[in-house]
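S.K.: Here you go, one structure.
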Protein chains: 2
Amino acid sequence: MRHPLLVPDLRELIQERDEHALREFFAPHHPAASAELLDDLEPDEVLFVLGLLNGRARAEVFSYLEPPLQDGVASRMERNQLAALVSAMSHDERADLVTRLPEERTEQIFPLLAQAEREDIRRLTAYRAGTAGAVMTSDYATLPAEITAAAAIERLRREAPDRETIYYCYVVDDQRRLVGIASLKDLILAPPARRVVDIMQTEFVSSQVDEDQEQTAQKLMEYDLLALPIVDSDNHMVGIVTHDDVLDVVVEEATEDVHRMGGVGPLENSYLETSFVTMWSKRAMWLSILFVGEFLTFSALASYEDAFRAVPALVLFIPLIISAGGNCGSQSATLITRALALGEVRPSDWFRIVWHETRMGLLLGVTLGILGLLRALMTPEDKLLNVPLARLSAVVAIGVGVVVVCGNLIGATLPLLLKRLGLDPALMSNPFVASLVDVTGIITYFAVAELVLSGSY
Amino acid sequence: MRHPLLVPDLRELIQERDEHALREFFAPHHPAASAELLDDLEPDEVLFVLGLLNGRARAEVFSYLEPPLQDGVASRMERNQLAALVSAMSHDERADLVTRLPEERTEQIFPLLAQAEREDIRRLTAYRAGTAGAVMTSDYATLPAEITAAAAIERLRREAPDRETIYYCYVVDDQRRLVGIASLKDLILAPPARRVVDIMQTEFVSSQVDEDQEQTAQKLMEYDLLALPIVDSDNHMVGIVTHDDVLDVVVEEATEDVHRMGGVGPLENSYLETSFVTMWSKRAMWLSILFVGEFLTFSALASYEDAFRAVPALVLFIPLIISAGGNCGSQSATLITRALALGEVRPSDWFRIVWHETRMGLLLGVTLGILGLLRALMTPEDKLLNVPLARLSAVVAIGVGVVVVCGNLIGATLPLLLKRLGLDPALMSNPFVASLVDVTGIITYFAVAELVLSGSY
């Protein structure tokens, strides 16, 4: 995907202020391709290149830059320059930029914008992050119901350059309430004299402006749409969420889930952009909770001190046994959490899941139990002291089996429980399952040991 | 999203064979909404309802059903019925269905299809899963370069009902080589007499048919496109991949990463659709590898037997200390793996990452070390035996700190190492990091203990 002209050459052209060559170079590129090349440069250099492009191209390339670079370039722009840029950007992109600008900067440029633009930005920046309103754009085409298909196409032709998409047209009444949707395909296929009201779809999917962005994304995905209309509580049309925004939402939500499952609170920025202190606090909080939870392993072990002082060989298998349960619990927690996120299973499927995971746990317990047995049979003579090898091996094999069954069930049921309580199942991060299984594992292992070895020490 | 008419009512209508009511009910629904209601019914019931719809609506609703239900319904259809359905389905959906049909069934219906359809299905089913070719469709609109915008729109109007999208038109020469792309927006905006060759974009992004689907998805996302053209090695147009297919690819790849990180080999089907034996083999393989790896903890502990037999209190802190390192390693492995998957960091950033994670590990080590110290200071008198409380507490605090620093670095560097070796960083599942950290943790903890307690036992 990289252009053969390498970035150092580009940098040279900028240092030589070779405006002609730079214009020639960037003219035929897609804005996303230009932005990819600029992403490796310094804000000053990017500012120089952007200055060579015309207003619309400049705004498009700027929109594709990484947010931190956008901020760096914006901070170096003249007040007039920045206002012109904001004015030329697409509605949702500029709202995101303004949200990140320092307040005094916003105050500088707002007087230079048209009133309609100011209001549009205020409206789009008003919604809480994570809602449909925060990802929507106000760049959509509307049509009245009573005009003909030919008139509608003529109207789109006039308005098209300003709209993010003209492939779906939103039919609104005089109160701007959404009454139907006509695709450009429908308009083109219809006889020119047919009225929009007779062409439009009146059964359509929409989202409320305060709906969770994940739900909005799922609707768009389920119906394979290019864009989803966003309405307020009175069904007034306020924006659209487009397929590319939904892709961003899907990737963002997957990252959040992965981070939660790895025991990190979700981050708002990317790994390298997150500040050291924020990262520390998010990580330290979870680690501390898990660490304090793990204190229970101390108490569990303390109550079996007699057993492992009499048979020190039991200690040698502790990490092996509790990690087997923890790994098995991580697996089932991962499977169920992801299946819940994708809607493949629901909390009401709990019986089916528990039945499935009980059998699976038993089979996995037997598998690992056999491996554990083989390892225990190889315990060196000098570690055995006063306990027969066969008995110790039986303890390890049975211990592994029981711990795996328990760990597997804990991992499978906790996400279901969290979901039923209305919490995010991914919150039950795998390390948390592992901690719980550690305690359970120690208790079951030593309970088995006391049972099997009773009388032999 | 559920329709107020509940599923039991629907079932009743089907049992009463109330064709009129069922037709009335399904007519105004979007095919995806109809399919959602049908997904809860039995294949026989679905077959009955589908029989009431006209050919095109039937094919659309069928396409939105879950694959196992599609298979169940298809297996109950007459030969003629199935051929008509396949013929009416969209090109990529029908190729997916045919891939899943039993061979004798395919042989039954192929003679009933038009030759062009047979060839199209053969072509689309020929590509390996995971490539651009396997997700593409052949339902796209092409234009010759020399016709006018008005003629192009007229042509689309004729062909449109058969095309998955007419919003991008692919301009091909007489050898079907791709020479440009014209969006419907461009065609509508252009003066009607302008020729397509003067309207089309000649700088465009495309994918090779054997390219990894993940790369194809990333191109479409990066350029915010509705569809990406797929070409063969001679630049002949062979298909398009649309935005909705890319959404499916993105979700599928995220699921694969999540499963790998949770220590499950990626599954081909959803949780409930995967057979018991397949699930067992995928899970058991990873668990066994991890379990055998964990055997090292036995050896590590065995070499410190003297220490913990002299000071049994040391045993009480083993799970606490190794889990602290494991959790910290899971966090850093998760962060780096996800950042690599999103392209936020590259293996060449290793120095920056190691520096960042060293400082982070130190800070986290101090944080958890303090908590460990507090816990150790509360050790009951009767557990101490021959070791002073202050010394034992120092061992725990220092042990936790050192183990956390090591665990954090192991978690951060292993994904980088795997990526550099050309492997999937997500393969370094968190449980694997945890196993490695367990061994390291035991060794460092007891090394610290021997150092601090030397002479006191």
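The values are calculated or read from the model by the stated rules, or taken from the named source; none is laboratory data. What you see is a predicted model, and the numbers here were worked out from it, not measured in a lab. Heads up, the Cβs are rebuilt from the backbone with ideal geometry, glycines too, and the neighbour counts pull from every protein chain shown. The protein model used for the area step is the full one, side chains on, heavy atoms only, and it has no ligands, DNA or RNA in it. Shrake-Rupley method; radii C 1.70, N 1.55, O 1.52, S 1.80 Å.
S.K.: Please label the shape of segment B:103-237 as rounded, prolate or oblate, based on the square roots a ≥ b ≥ c of the eigenvalues of the alpha-carbon gyration tensor (a/c under 1.5 means rounded; beyond that, a/b larger than b/c means prolate, else oblate).
M.R.: Oblate.
S.K.: With θ set to phi - 60°, apply the Karplus curve 6.51 cos²θ - 1.76 cosθ + 1.60 along segment B:375-382 and write out the HN-Hα couplings as whole Hz, x wherever there is a Gly or Pro.
M.R.: Per-residue couplings from phi come out as 5, 5, 5, 8, 4, x, 3, 5 Hz.
S.K.: Return the FRET efficiency for the residue pair B:N54, B:A114: r is the Cβ-Cβ distance, R0 is 22 Å, and the value is rounded to the nearest 0.05.
M.R.: 0.65
S.K.: Explain nothing, just compute: Karplus ³J(HN,Hα) = 6.51 cos²θ - 1.76 cosθ + 1.60, θ = phi - 60°, for every residue of segment B:208-218 in order, whole Hz, x for Gly and Pro.
M.R.: 6, 5, 9, 6, 4, 4, 5, 5, 4, 4, 5
S.K.: Rounded to the nearest 0.05, what FRET efficiency is calculated for B:A302 and B:D382 with R0 set to 35 Å and r the Cβ-Cβ distance?
M.R.: So the FRET efficiency works out to roughly 0.85.
S.K.: Express the relative contact order of chain B as a whole percentage, based on alpha carbon pairs under 8 Å and six or more residues apart in sequence.
M.R.: With pairs under 8 Å counted, the relative contact order is 11 percent.
S.K.: Any chance you could look up the accessible area of A:R23 with a 1.4 Å probe, heavy atoms only, rounded to 10 Å²?
M.R.: 110
S.K.: If R0 is 45 Å, what FRET efficiency do you get for B:R309 and B:A129 from their C-beta distance, rounded to 0.05?
M.R.: Efficiency at R0 = 45 Å is approximately 0.20.
S.K.: When each copy gets a label point 7 Å from Cα toward the beta-carbon at A:R420, what are the spacings between them in nm, shortest first?
M.R.: Output for A:R420: 4.8 nm, nearest copy listed first.
S.K.: Can you list, shortest first in nanometers, how far A:E159 lies from the same residue in the other copies, with each label 7 Å from Cα toward Cβ?
M.R.: Result for A:E159, in nm, nearest copy first: 2.9.
S.K.: Moving on to the next point. How shielded is B:262-273 by partner chains, expressed as the average number of their Cβ atoms within 10 Å of its Cβ atoms?
M.R.: Mean number of neighbouring Cβ atoms from other chains: 5.
S.K.: Whole-Hz Karplus ³J(HN,Hα) for segment B:298-304, in order, using 6.51 cos²θ - 1.76 cosθ + 1.60 and θ = phi - 60°, x for Gly and Pro?
M.R.: My calculation for segment B:298-304 gives 4, 4, 4, 5, 4, 6, 10 Hz in order.
S.K.: Taking amide H atoms as placed 1.01 Å from N in the peptide plane, list the residues 5 or more away in sequence, or in a different chain, whose amide H sits under 5 Å from that of B:T165.
M.R.: Amide H neighbours of B:T165, under 5 Å, 5+ apart: B:A141.
S.K.: Could you give me the radius of gyration and the Dmax of segment B:97-136, taking only the C-alpha atoms into account and expressing both in angstrom?
M.R.: 10.8, 30
S.K.: Then there is this: Using amide H atoms built in the peptide plane, which far-off residues or other-chain residues are under 5 Å from A:V171 H to H?
M.R.: A:L143, A:V179, A:G180, A:I181, A:A182
S.K.: Assign one of three labels to segment A:263-398, namely rounded, prolate or oblate, based on the Cα gyration tensor with a ≥ b ≥ c the square roots of its eigenvalues; rounded applies when a/c is under 1.5, prolate when it is not and a/b is larger than b/c, and oblate otherwise.
M.R.: Details: a/c = 2.75, a/b = 1.49, b/c = 1.85.
Verdict is oblate for segment A:263-398.
S.K.: Quick one: buried accessible area between B and A, total over both chains, 1.4 angstrom probe, nearest 100 Å²? Show your work: numbers first, answer last.
M.R.: Values: alone 24580 and 24600 Å², together 37970 Å².
Summing both sides, the interface buries roughly 11200 Å².
S.K.: Specify the inter-centroid distance of segment A:115-145 and segment B:188-216, based on alpha-carbon positions, in whole Å.
M.R.: Measuring centre to centre over Cα atoms gives 30 Å.
S.K.: I would also like to ask the following. Taking each label point as 7 Å beyond Cα in the direction of the beta carbon, state the distances from A:E24 to the same residue in the other copies, shortest first, in nm.
M.R.: Once sorted, the set of distances for A:E24 reads 7.3 nm.
S.K.: Straight-line reach from B:K282: which lysines have Cα under 24 Å away, leaving out those fewer than 8 places along the same chain?
M.R.: Hits, sequence-local ones excluded: B:K419.
S.K.: Along the charge dipole of the protein assembly as shown, which of A:A390, B:A341, A:L97 sits closest to the positive end, that is, farthest toward it, with unit charges on the beta carbon of Lys, Arg, Asp and Glu (+1, +1, -1, -1)?
M.R.: A:A390
S.K.: Something else about it: Given the protein chains as shown and a 1.4 Å probe, how many square angstrom of B:V354 are accessible, to the nearest 10?
M.R.: Per-residue accessible area (B:V354): approximately 40 Å².
S.K.: Under 37 °C and 0.692 mPa s, how fast does chain A diffuse according to Stokes-Einstein, given a Kirkwood radius computed over C-alpha pairs? Answer in µm²/s, whole number.
M.R.: Translational D for this selection: 121 µm²/s.
S.K.: So what is the orientation-averaged projected area of segment A:241-320, using the convex hull of its C-alpha atoms, in nm²?
M.R.: With every direction weighted equally, the projected area is 8.2 nm².
S.K.: Using 7 Å Cα-to-Cβ label points, what is the A:E107/A:F276 separation (nm, one decimal)?
M.R.: 3.3
S.K.: Let me ask another. Give the lysines reachable from A:K185 as a straight Cα distance under 25 Å; neighbours fewer than 8 places away on the same chain don't count.
M.R.: A:K219, B:K185
S.K.: What 222 nm value per residue comes from the helices of chain B, counting each DSSP H run with n ≥ 4 as -39,500 (n - 2.57) and dividing by all residues, nearest 500 deg cm²/dmol?
M.R.: Only helices count here, giving -20000 deg cm²/dmol.
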